[in-house]
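I have placed the structure first, in the form of structure tokens, so that the comments after it can refer back to it.
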Amino acid sequence: MKRSIIITGGAGFIGSHVVRLFVNKYPEYRIINLDKLTYAGNLANLKDVEDAPNYRFVRLDICDFDAVLRLMLEEHVDGIIHLAAESHVDRSIKDPFTFARTNVMGTLSLLQAAKVYWETLPEKFEGKRFYHISTDEVYGALALTNPEGVPSPFTTIASSAEHHAAYGLDFFTEQTKYQPHSPYSAAKASSDHFVRAYHDTYGMPTIVTNCSNNYGPYQFPEKLIPLFINNIRHRRPLPVYGKGENVRDWLYVEDHARAIDVIFHRGKVAETYNIGGFNEWKNIDIIHVLIKTVDRLLGRPEGADEDLITYVTDRAGHDLRYAIDSRKLQRELGWEPSLQFEEGIEKTVRWYLENQEWMDNVTSGEYEKYYEQMYANR
Ligand code: NAD
Ligand code: DAU
């Protein structure tokens, strides 16, 4: 079957992996990457597919309703996979307006353009799909212990539903109430509500997924893993927020892209699916792994760079723990993560070390200024 799909934010971290997967796996589809190319968007992420006959890049702002509608008409779009967003929590604390504009108004503009276009067609919403990519951060934060105060031995043990049940620890499920704490997650939560409202009000065939922290190649080095790999390499300080006790649930980015493929094609309209790796780590434990891995791969004595660890003022409103229960997705659509964390982190560190040119390119100019502003006052 032929399809014409807009992927928004396709020049960003996760979006570029989704574009690559769809362009390569579905030569019969037309894949349109719609991206504004903010500081986070980089066409170098897609060099290997840029000449593919089924791929087109269009530089556009999702907030530009008229231009988005024109593109949908021109390309006879029948599917939208929406990843474009402002995605970094620290930036949202400094500049919440940009997050409301892109994440809320931008999503609304896309929804309305799709509605207007699809309603002009004889078959209307039939065979159409609006798939919105959201985050686990909308659910708020979980405790590090069970109600009796017993902590879980997270580190190095990939957690599981059984493991959590044994300790009485909570997960985020699809039924968890929204309780966003940062301007970023508040804006994502708002966009999720708009997407669901378009289903409930107009019958638009929408799907929402909420995913945990991604890691892997092409992530902008303002996020923990690429930032720290690059800093260790250059022997720059590693700014650990608070005590480094916060827990995140890490998923290799290509596993997320595979989940998006499965859900776009086989997910049920109006449903929500949580996506996660059952792989919780305290920040400080990941940081030790990163130091060991970078040191080993660069031929330095393992752990030689431990003294780069620098505890700095905590992030405002820093969520303590995220943990996703992705059993619904596993049960209903048969998806599960393919990579063990140790394997994924090794691949990731190698990639950043071998792609210094990419790193130099994205860390030049504006990013350097941002880095200095961000860390000067901590
Ligand atoms: P990213 O910041 O790496 O990329 C965002 C992309 O969106 C960039 O290419 C940027 O140019 C583009 N963009 C920003 N504003 C735009 C606008 N107004 N119009 C068009 N394009 C615009 O983000 P990411 O980490 O790849 O995240 C992608 C999506 O996945 C986001 O919606 C994010 O909320 C969600 N998500 C991310 C993670 C994660 O760990 N990174 C986890 C769960 C969900
Ligand atoms: O959970 C999904 C979310 O994961 C996505 O929705 C976001 O788009 C994505 O940015 C990510 O958010 P986090 O805030 O969890 O990711 P970040 O890499 O910024 O931080 C991971 C953890 O590391 C967090 O507890 C804060 C801490 N941290 C981060 C940075 C950048 C530090 O201690 N020092 C740092 O310099």
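The values are calculated or read from the model by the stated rules, or taken from the named source; none is laboratory data. Only a predicted model underlies this, so the values are computations on that prediction, with no experimental measurement involved. So basically every Cβ, Gly included, is an ideal-geometry build from the backbone, and we count neighbours across all protein chains shown. Quick note on the areas: whole protein, heavy atoms, side chains included, nothing else; ligands and nucleic acids left out. Shrake-Rupley method; radii C 1.70, N 1.55, O 1.52, S 1.80 Å.
In this structure, does G15 turn out to be modelled with pLDDT of 95 or more, touching a helix residue (DSSP H, G or I) at 6+ places or on another chain (Cβ under 7 Å), near ligand 1 (Cβ under 10 Å from one of its atoms) and not basic (K, R)? In short, no. Scanning region 42-60 for residues that are out of contact with any helix residue (DSSP H, G or I) (no Cβ under 8 Å at 6 or more places or on another chain) and within 14 Å of ligand 1 (Cβ to nearest atom), we see that the one that is nearest to T363 (Cα to Cα) is L43.
Filter the helices (runs of 4 or more DSSP H) completely within region 271-369 down to those with at least 3 residues that are closer than 27 Å to G41 by Cα and open to solvent by less than 50 Å² (accessible area, probe 1.4 Å).
On the way: elements: 283-297, 327-333, 341-354, 356-362.
Output list reads 283-297, 341-354, 356-362.
Would you confirm, using the coordinates I've provided, whether T8 is more than 7 Å from ligand 1 (Cβ to nearest atom), open to solvent by less than 10 Å² (accessible area, probe 1.4 Å) and in contact (Cβ under 8 Å) with a residue 40 or more places away in the chain? Steps first, please.
Working: more than 7 Å from ligand 1 (Cβ to nearest atom): no; open to solvent by less than 10 Å² (accessible area, probe 1.4 Å): yes; in contact (Cβ under 8 Å) with a residue 40 or more places away in the chain: yes.
No; evaluated as a whole, the condition is false for this residue.
Pull up region 82-101, narrow it to residues that are among the polar types (S, T, N, Q) and near ligand 2 (Cβ under 10 Å from one of its atoms), then point me to the one that is nearest to I225 (Cα to Cα).
Pass one, region 82-101, residues among the polar types (S, T, N, Q): 87, 92, 98.
Then keep just the ones that are near ligand 2 (Cβ under 10 Å from one of its atoms); that gives 87, 92.
On the way: S87: 15, S92: 19 Å.
Across region 82-101, the extreme among qualifying residues is S87.
Do we find that L297 is away from ligand 2 (no atom under 14 Å from the Cβ) and within 21 Å of the chain's Cα centre (by Cα) in this structure? It is false that L297 is away from ligand 2 (no atom under 14 Å from the Cβ) and within 21 Å of the chain's Cα centre (by Cα). If you filter region 162-204 down to residues that are more than 17 Å from S134 (Cβ to Cβ) and modelled with pLDDT of 95 or more, you find that the one that is surrounded by the fewest Cβ atoms within 10 Å (Cβ to Cβ) is T201.
Every residue, every condition in (1) at pLDDT 95 or above; (2) of a type outside the set (A, V, I, L, M); (3) more than 10 Å from ligand 2 (Cβ to nearest atom), yes or no:
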| position | (1), (2), (3) |
| --- | --- |
| Y241 | yes, yes, no |
| R258 | yes, yes, yes |
| R266 | yes, yes, yes |
| T272 | yes, yes, yes |
| L290 | yes, no, yes |
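Considering each of A187, A197, A166 in turn, give the residue that is within 16 Å of ligand 2 (Cβ to nearest atom) and assigned to a helix (DSSP H, G or I).
Working: A197 fails: within 16 Å of ligand 2 (Cβ to nearest atom); A166 fails: within 16 Å of ligand 2 (Cβ to nearest atom).
Residue meeting the stated conditions: A187.
Pairs linking a residue in region 23-49 that is on the phi > 0 side of the Ramachandran plot to a residue that is modelled with pLDDT under 95 and open to solvent by less than 10 Å² (accessible area, probe 1.4 Å), with Cβ atoms under 7 Å and 6 or more positions apart or on different chains, do not occur.
Could you tell me which residue of region 11-35 is farthest from Y218 (Cα to Cα), considering only residues that are open to solvent by 20 Å² or more (accessible area, probe 1.4 Å) and within 17 Å of the chain's Cα centre (by Cα)? By that ranking, first place goes to L21. For residues that are open to solvent by 10 Å² or more (accessible area, probe 1.4 Å) and outside any loop (DSSP other than H, G, I, E, B), scanning just region 218-238, find the one that is farthest from ligand 2 (Cβ to nearest atom). Ranking the candidates gives R233 first. Of all residues assigned to region 86-105, none qualifies as being in contact with a Leu (Cβ under 8 Å, 6 or more places away or on another chain) and in contact (Cβ under 8 Å) with a residue 24 or more places away in the chain. Within region 125-144, restricting attention to residues that are of a type outside the set (F, W, Y) and under 18 Å from I5 (Cβ atoms), the residue that is farthest from the chain's Cα centre (by Cα) is E126.
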